[in-house]
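The values are calculated or read from the model by the stated rules, or taken from the named source; none is laboratory data. Computed from a predicted structure; not experimentally measured. A quick note on method: Cβ atoms are made from the backbone with ideal geometry, for glycine too, and the neighbour counts reach across all protein chains shown.
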Amino acid sequence: MQATLTKPKSGSKDAFVSKFMQDLAAKNPGEKEFHQAVQEVVESLVPVLERHPEFKKAKIMERIVEPERTITFRVPWTDDKGEIHIQRGYRVEFNSAIGPYKGGLRFHPSVNLGILKFLGFEQIFKNSLTTLPMGGGNGGCDFDPKGKSDAEVMRFCQSFMSELFRHIGPNTDVPAGDIGVGGREIGFMFGQYKKLTNRFDSVLTGKGLNWGGSLVRPEATGYGCVYFAAEQLATRGDGFKGKRVAVSGSGNVAQYAVEKVTQLGGKVVTMSDSNGYIVDEDGINAEKLAFMLDLKNVKRGRIKEYVSKFPKAQYHEGTGVWSVKVDVALPCATQNELSGKDAEALIKNGCVCVAEGANMPSTAEAVEIFINKKILFAPGKASNAGGVATSGLEMSQNAIRMNWSREEVDRHLHNIMKSIHKTCVENAKEYGQPGNYVMGANIGGFMKVATSMMDQGLV
């Protein structure tokens, strides 16, 4: 079904958005992250709904903000001392209009339904932008793997999958990792799924290379973010060579963003964790990054240990990573880590480009400041789509029972990020906001899902 085009008509954008958000908040009280994610999208889509009245008539927006299915379940497990613990598990299967639900699993004490709905909602548009046939979903648990033994993590993961397995499948819902869920956790969950179903399905992505994983998957989100930022800089005839770069976080996304920036000739001077941040004026080169990977991925240590190994660097407790003078900022830690005050500090210090590696790391106030000041700002649903894009490539390799080379996967990833950038630029320009990557990403992701929902009827 092709959408009918009409000329945009004047109307009160603010009134429509206000009424929509009031209704959403009344139906989903207290879910502030979800409200924030929806408001950003709805504000961008007002001109689309004016041009396509059939979407309004079919209540596409009202339907797209309501998950198709939300699953909540008990997760009991025992620690190494034999003490019983009870956690709460979730899976939000948000939208399957263009493919099976696809999105991460997050294990962190902060996990609640509102955060997972925000992540699942963002995933709808992110997955659509990749051009791969994947719907949107997300899930997780309020379990904290930090400080737990491997045996404790295994028992928890097995208990978690003992319920989740009945709701997922290669053509239904394919979870992946997120904060607190890396290769170790994916392995434990996959083993339990296989035992319970007696099937070797492509039901999780981020798997080990020996049992169905893809090359470049660990690097994909960080690499993809940098590829996107490089496309942004290229619109102004520039690149990473010689640029000072701030990266927040020190997990998977941050680590490989640092690696790719360095490969492209930039100098990363910051990384952080939940306790504080480091500033290394000499740059975090390959040797220093190798130390960081061992510290975080193997020893599971804290970032302050970096200065013990490299004493020229400085460690600062708490936040403040965005106060450092840089040309490019890559927030790769967690949601709402970059405030309006941080945005102003970055701009004052000469920052020209911000590409989100995490999911919604910039507050609404920060985003507004970046857009108003004409900073090259990329929302996470566009710039961090490399991870889920490569998960889709992992699913493709599993389906044909073949493994692609590292170069082949990286080439596909690079081309997908270029395509997403082109989609953002073209849609922003078409709707009268050239250079507005937020609007371009939201519209580009929405159109494919909305027309698919129209084609499939009222379901």
Original post:
Just one of the numbered conditions (1) surrounded by fewer than 19 Cβ atoms within 10 Å (Cβ to Cβ); (2) assigned to a strand (DSSP E or B) is not true of Asn138; which one?
Top reply: (1)
**OP:** State yes or no: is Met21 modelled with pLDDT under 95, among the aliphatic types (A, V, I, L, M) and not assigned by TED's automatic domain parsing to the domain that holds Asn359?
**Re:** no
**OP:** Go through (1) under 20 Å from Lys267 (Cβ atoms); (2) of a type in the set (A, V, I, L, M, F, W, C); (3) without any contact (Cβ under 8 Å) to a residue 40 or more places away in the chain; (4) assigned to a helix (DSSP H, G or I) one by one and return the number of the condition Val354 breaks.
**Re:** (4)
**OP:** Could you please let me know if Ser308 is of a type outside the set (Lys, Arg) and free of Cβ contacts under 8 Å to residues at least 24 places away in the same chain?
**Re:** yes
Original post:
Any idea how many residues of the range 140-157 are under 16 Å from Tyr90 (Cβ atoms) and touching a Pro at 6+ places or on another chain (Cβ under 6 Å)?
Top reply: 2
Subject >> Selection count, the range 235-264, where residues are assigned to a loop (DSSP other than H, G, I, E, B) and more than 17 Å from Cys351 (Cα to Cα) >> reply: 4
Subject >> Test for Ile115: is it part of a helix (DSSP H, G or I), touching a strand residue (DSSP E or B) at 6+ places or on another chain (Cβ under 9 Å), farther than 14 Å from Phe446 by Cα and in contact (Cβ under 8 Å) with a residue 60 or more places away in the chain >> reply: yes
**OP:** Could you tell me which residue of the range 152-184 is modelled with the lowest pLDDT, considering only residues that are in a helix (DSSP H, G or I) and farther than 20 Å from Asp79 by Cβ?
**Re:** Gly183
**OP:** Residues being surrounded by fewer than 21 Cβ atoms within 10 Å (Cβ to Cβ), polar (S, T, N, Q) and touching a helix residue (DSSP H, G or I) at 6+ places or on another chain (Cβ under 9 Å): count how many of those fall in the range 141-171.
**Re:** 2
Original post:
Does at least one position in the range 269-291 carry a residue that is free of Cβ contacts under 8 Å to residues at least 24 places away in the same chain, assigned to a helix (DSSP H, G or I) and of a type outside the set (D, E, K, R)?
Top reply: yes
**OP:** Answer yes or no as to whether Ile98 is touching a residue at least 12 places away in the same chain (Cβ under 8 Å) and of a type outside the set (Gly, Ala, Ser).
**Re:** yes
Original post:
So how many residues does the range 363-395 have that are out of contact with any Asp or Glu (no Cβ under 6 Å at 6 or more places or on another chain) and in a helix (DSSP H, G or I)?
Top reply: 20
Original post:
Considering only residues of the range 397-452 that are under 15 Å from Ala220 (Cβ atoms) and of a type in the set (Lys, Arg), which is surrounded by the most Cβ atoms within 10 Å (Cβ to Cβ)?
Top reply: Lys418
**OP:** Could you figure out which of (1) more than 27 Å from Ala246 (Cβ to Cβ); (2) at pLDDT 95 or above; (3) more than 17 Å from the chain's Cα centre (by Cα) isn't true of Leu393?
**Re:** (3)
Original post:
What are the residue pairs meeting all of these: first residue in the range 172-199, first residue closer than 23 Å to Glu68 by Cβ and surrounded by fewer than 19 Cβ atoms within 10 Å (Cβ to Cβ), second residue modelled with pLDDT under 95 and of a type in the set (S, T, N, Q), Cβ atoms under 7 Å, and 6 or more apart or on different chains?
Top reply: none
Original post:
Looking only at the range 359-403, which residues are closer than 19 Å to Gly120 by Cβ and β-branched (Val, Ile, Thr)?
Top reply: Val388
Subject >> Which numbered condition Lys325 fails, given (1) modelled with pLDDT of 95 or more; (2) within 25 Å of the chain's Cα centre (by Cα) >> reply: (2)
